[in-house]
Amino acid sequence: MIYVTGDLHGEYSRFTKTEIKKLKKGDTLIVCGDFGFVWDGGSKEQKLLQKIGKKPFNTVFVTGCHDNYDLLKEYSEQEWCGGKVRVLSGRLMQLVRGEIYTLEGKTFFAFGGGESSDGMLREENSLWWPEEQPTAEEEAQALMRLKEQRDRVDYIVTHDAPISICEFLNIPPADVNSRINNFLEEVGKRVEFKHWFFGKLHQDKAITSRHQAVYLKVIPVK
């Protein structure tokens, strides 16, 4: 089975909840950004990554606004289920932005990153990385991968949401010119998909019949 949940923010206690503890060998847990366990690179953090990687199920995540992009870049890319991933430890992997994965016969388009208020400040030592926003090259590669799929996927997994969804919820993005929000809006208009999961809004709520905000719940993908 495949399950989707929202931001973990480095809180290991989330893995002790019944909804996640029941996952079995071969299952996959997808985290919609702000995984948060890759932050300072210390020994305690490394032990937690190894602990998560040893669980019987796969734990995979897209990046968010509170992940250390510098540390994540130190992990080499590998192939997994048809797309590129960074293996942090065992069965713990980062889904690379713009890749498409086939899990249990279902296709998933992953596009991490988000518009962070910290990025608007850009102060020295602020916890912000320019990689939170996609580059033109990443956008082009993502659109190429989608075109190869005839602009059809079963599921879209992101951290941030398209601008239209933010506006619908009266939660405008931190910057209306946000590159990632505008790109996700374009994806939503051109791609056929069954369901879209995103975590940044910290809500467990079905926004439309196809757009789902996820946070604390662990949702089975059917």
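Accessible-area rank, largest first, for Ser13, Ser116: Ser13, Ser116, with all protein chains present and a 1.4 angstrom probe. Each Lys or Arg adds one and each Asp or Glu subtracts one; over the other residues with Cβ under 11 Å from the Cβ of Asp27, this totals +4. Each other residue within a Cβ distance under 10 Å of Phe183 adds +1 if Lys or Arg and -1 if Asp or Glu, for a net charge of -4. With all protein chains in place and ligands, DNA and RNA left out, the 1.4 Å accessible area ranks Tyr101, Tyr12, Tyr3 as Tyr12, Tyr3, Tyr101, largest first. Surface composition of the chain: carbon and sulfur atoms hold 49% of the protein heavy-atom accessible area at a 1.4 Å probe. Rounded to whole numbers, the Karplus 3J(HN,Hα) couplings from phi for the range 157-166 are 10, 9, 8, 7, 10, x, 4, 4, 6, 4 Hz, using 6.51 cos²θ - 1.76 cosθ + 1.60 with θ = phi - 60°, and x at Gly and Pro.
For Lys106, no residue whose modelled amide H falls within less than 5 Å of its own remains once neighbours fewer than 5 places apart on the same chain are excluded.
Give, as ranges by residue number, the residues of the range 86-107 whose backbone N falls under 20 Å from the point 7 Å along Cα→Cβ of Glu186. Label zone hits: 96-100.
With the highest mean first, a sort of the peptides 43-49, 28-34, 128-134 on other beta-carbon atoms found within 10 angstrom per residue produces 28-34, 128-134, 43-49. Computed from backbone phi with θ = phi - 60° and the Karplus coefficients 6.51, -1.76 and 1.60, the 3J(HN,Hα) list for the range 97-113 is 4, x, 8, 10, 10, 10, 10, 6, x, 10, 9, 10, 9, 10, 8, x, x Hz; x is used for glycine and proline. If the segment from Asp40 to Glu74 were pulled out straight at 0.36 nm per residue, it would be longer than the present Cα-Cα gap by 11.0 nm. Fully extending the segment from Arg152 to Lys217 would add 20.7 nm, taking 0.36 nm per residue of separation and subtracting the current Cα-Cα distance.
So, counting K/R as plus one and D/E as minus one, what does the shell of residues with Cβ under 9 Å around Ile100 add up to? Once positives and negatives cancel, what remains is -1.
The values are calculated or read from the model by the stated rules, or taken from the named source; none is laboratory data. Bear in mind that the values here come from a model prediction, so they are computed numbers and not experimental data. Positions of Cβ are generated from backbone atoms using ideal geometry, with glycine treated the same way; all protein chains shown enter the neighbour counts. In case anyone asks, the SASA skips ligands and DNA or RNA and just uses the protein heavy atoms, side chains included. Shrake-Rupley method; radii C 1.70, N 1.55, O 1.52, S 1.80 Å.
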